Structures are given as structure tokens and as C-alpha cells.
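Below: the structure, in C-alpha cells.
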Amino acid sequence: MTVTGPAVQKGSQTLPSQDRHHHQCRPSVRFERLPAEVFHMILDRLSVLEISVFSTASKAIGNSILGYVSSLAWRNKMITQSIHHPTSPYAHDTNIKHYKALGLLFKRCTLLLPTKDRLKLISSMFSQIPCFKLEECTAADCLGFYGYRVFLKTMISGWDEVEWHRVFNFLCSFTNLLPKIKMAVTGKPGVSWYLELQLRLFCHQVLLDPWSSKDTLFWLTRILKPWPVVLQARLLFILYGPLLPDSTLAWQGIVEREMSHSALWHLARVIVLLYSNLDLKDWTTDTMQTILEELIVLPEVWHMENVASLLVLCGNTVCYSILANKAHNGQLRQVSRLIVHIILVCEKDGYCMNSVVEMVHQVCQSFNNTSERFAFIQRLEDMFSKVTMEVYEFVTAGNHHEDMGQTLWSLVESSAHFHAKFLYMFLKNE
């Protein structure tokens, strides 16, 4: 048999040149040339994660996939998947994985687009879904905010700070966030209780938790910055203040009665976070002290033990900063009453009294001369007597309040423990 053209040796077989050419030039599938209906049928059989990987094959394929995922039908099928009525205990984890895959898909599909256009695309995809917006979804088991956070966190991972500012501006526009915050912080506390809880839920589930401390600080300062200090304090209470059993904010509870240690924990944690990053532009120690001073009189002056508990939870640095600032401003009566209640809280909650003794010693040393220090110590001792008598008279007046009886006992014990440590510190230094 005669074969035209040269032959090539492969192992022990010789292939004709035509077969060799056919072997080396097998036709490849050009997906972008397929009819849209056929291409979409292929994509329908892939998972979101597989589609996101496929989108990186070429620019043309990426653009085709972007058109596919931008359709109303795909959005309704994939973005709103199982947001409500989870069908299994693992539904939450499943949704988290799903929205992470969605974030990765949009990140890859829009890789070559400017940030502005990427955010505009997200807006067009999510703006008609009430589960991702404030006050528009009333389902108790809605996972929309959780999903949105996971999507957003995946989508903007690796973006620089300038782009993050654009993301925040986009979120404000997308959710009408700033006007809603203004309505909550300028109205009477507790009246717009549903709006307060929606703001708390949205800000925590989308922006504040569980990002890194650095990221949380970025979002939090963006949320706080547009407002004057008094409204910043109000907003911090809405976001981190204690809740009542019915999940409403304890506006009156914190004024009228002692709150539990755990109720003030989140508020203390965020104050420490803000205090620890005072190198930020327009964010100083004076700013934080003013915010804290405004916070503890919202909506009225707090129960003194709640103020003391908050400062104890914030730690010695924040606590000393507030006490020293008050002392230098001549507010010795307030400082003395506050120190007495800090000592009481430490006794009740089992904190080490040594740290309080050291802090009082530091406040003493902050005065310019011996006479000023003596005046401060004398005022503190007078306040111990005054507070003890106030509690004693309340108990003996027939007010059978078990907590106040326990408070009187703790107050006497705390005074003894504090003074023993305080005297020992001076004797040791002789």
C-alpha cells in the first residue's frame, strides 16, 4: 500500500503524515462560540465553585459567565437559596459555604473591571432582595445578613484601603444606612426599638463580626465618624449595649439597676479596641474620654455600679485615664464615689484588689503636691463613710431588698480589704 508523504516513527509503529497531523491538531471546544442556550445548559450542571474556576479559563468565557450569573433567573435560583426556613441543623454552615463560593465567583468574574463597576454589579444583583437590606425582611430565621457578610468578605479580600472606603460608601447607599442611623440616634431611646435592633444586627453580622480586630476597627470608625461625639456614644450603645431578655436595648435598665458582668462585656471590649488605636487620624484620647463620659449618662446617669463595672472590664489603662482626667478637672467628689464603687465591684466579682490600690496610688501621684494628695485621700475616706451610710439607711428603713443587704456586706468587706492593701503598700515602701 502506497502512502504519500513521509512517515514518522513512534515506538514500533509508523504513522502516516495525515494521521500524524490529525493526532496533533485535535479540535478544541470553543465554549465562547457555543450558542448561549447550550452554554447555559452546561453551566446549569456545574456548582457555583466549579463555575468560578471555569470563569478563569479566558476573558471571553469569564464575560459569558458574567452575563449568565447576572440573569434574574439565576439570581432567584442561586443567591436567595435557603435563606429562610433551614431544613437541617447544618443549613447555616451550608449557606456559609454557598455564599463564600458566590463571593469567589463574582471576584473572579469581575477581576478585570474597575471597583466602581464591580460594586455596581453587586448592587444590581442584591438590591431587589429584601433579605440583604435593613428593615425589609421580617423572617425570624433569615440568614441574609450572615450570607451577605461572607459574600462581601470573600469578594473584597485583598483589596486596598481606598477600595474599602468605596465599599463602605456603596453599603451606605445600598442599605440607606446613614439616614437610618440618624433616625435611631436622634430619636428618643427605645422608641424605634426595631430599627435599633436592625442596625445592631446588620452592623454586627455584615461589618463587625467576625472580622479581624483591624478590620472591625476600620468598619467601626467608618460607622462612627459622620456623627458628633454625643451621637457616637449613642450609636455605640445601640451596637454594643446590654440587651433585655426580649432582645430590646436596656436603656432604662442600666439607669435603674445593677447589670450583670456579662451584659457590659461587649461594650467594654469595643471601648478597649478604640482606646488601643488612638494613632488613627482624628481619634485621640480626649475623643474617647468624651465619648465615654457621654455614654454613661445615656439616656440618664447610669447606676453607679454599672459605671464602675464598665471601667473595671475596660482595664486599668482606660480606668486610670478616666479617673485622672476627672481628678485634674477638680471633680474629686465624682472620682471618690466612682472609686468606692470600683472597689465594691472588685469585691463582688472577685477581682484582685491590688490593681485598684495601685490605680488609686497613681491618681494620688498625679496631683502636684502633698496637700492636694491629702485632700484627695480625705475626700475618698469621707465618700466611703457616706456610701456606707446611704446603703445602711436604705436597708434599715424597712426596704427588704435582699440585694441591698448583700451590697452592704460587700461594701464593708471591700473597704476592709482595700484599706489593708493600701496601708501595706505604704508600709512596704518605707
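Points to keep in mind about this one:
- Crossing angle, helix 229-240 versus the chain [Cα axis fit, 0-90 degrees, rounded to tens]: 70
- Under 12 Å, Cβ to Cβ, from residue 99 - net charge with Lys/Arg +1 and Asp/Glu -1: +3
- Cα gyration tensor shape of the chain, rounded if a/c is under 1.5, else prolate or oblate by comparing a/b with b/c: prolate
- Atom-type composition of the exposed protein surface of the chain places 55 percent of the accessible area on carbon and sulfur (1.4 angstrom probe).
- Label-point gap, in nm, between residue 93 and residue 333 - each point 7 angstrom along Cα→Cβ: 6.0
- Hydrodynamic radius of the range 344-408 per Kirkwood, over alpha carbon pairs, in Å: 13.9
- For the chain, adding -39500 (n - 2.57) for each run of n ≥ 4 DSSP H residues and dividing by the number of residues yields -20000 deg cm²/dmol at 222 nm.
- Tilt relative to the chain, helix 193-202 - C-alpha long axis, 0 to 90 degrees, to 10: 50
- For the chain, accessible area per residue (1.4 Å probe, heavy atoms of protein chains only), Å²: 53
- FRET efficiency, 1/(1 + (r/R0)^6) with R0 45 Å, evaluated for residue 138 and residue 425 via beta carbons: 0.15
- Gyration tensor verdict on the range 200-325 (Cα atoms; rounded if a/c is under 1.5, prolate if a/b is larger than b/c, oblate otherwise): oblate
- Other residues within the sphere of radius under 12 Å centred on the Cβ of residue 336, judged by their own Cβ, net out at +3 (K and R +1, D and E -1).
- To the nearest ten degrees, helix 402-428 and the longest principal axis of the Cα atoms of the chain are 80 degrees apart.
- Length added when fully stretched, residue 246-residue 188, from 0.36 nm per residue minus Cα-Cα: 19.0 nm
- Neighbour net charge for residue 211 - beta-carbon separation under 10 angstrom, K R +1, D E -1: +1
- Longest DSSP-loop-exposure-free segment, trypsin sites (Lys or Arg not before Pro), the chain, at most 13 other Cβ within 10 Å: 46-256
The values are calculated or read from the model by the stated rules, or taken from the named source; none is laboratory data. Given the structure is predicted, the values throughout are model-derived calculations rather than measurements. With ideal geometry, Cβ positions are generated from the backbone for all residues, glycine too; neighbour counts draw on all protein chains shown. Accessible surface areas use protein heavy atoms only, side chains included; no ligands, DNA or RNA. Shrake-Rupley method; radii C 1.70, N 1.55, O 1.52, S 1.80 Å.
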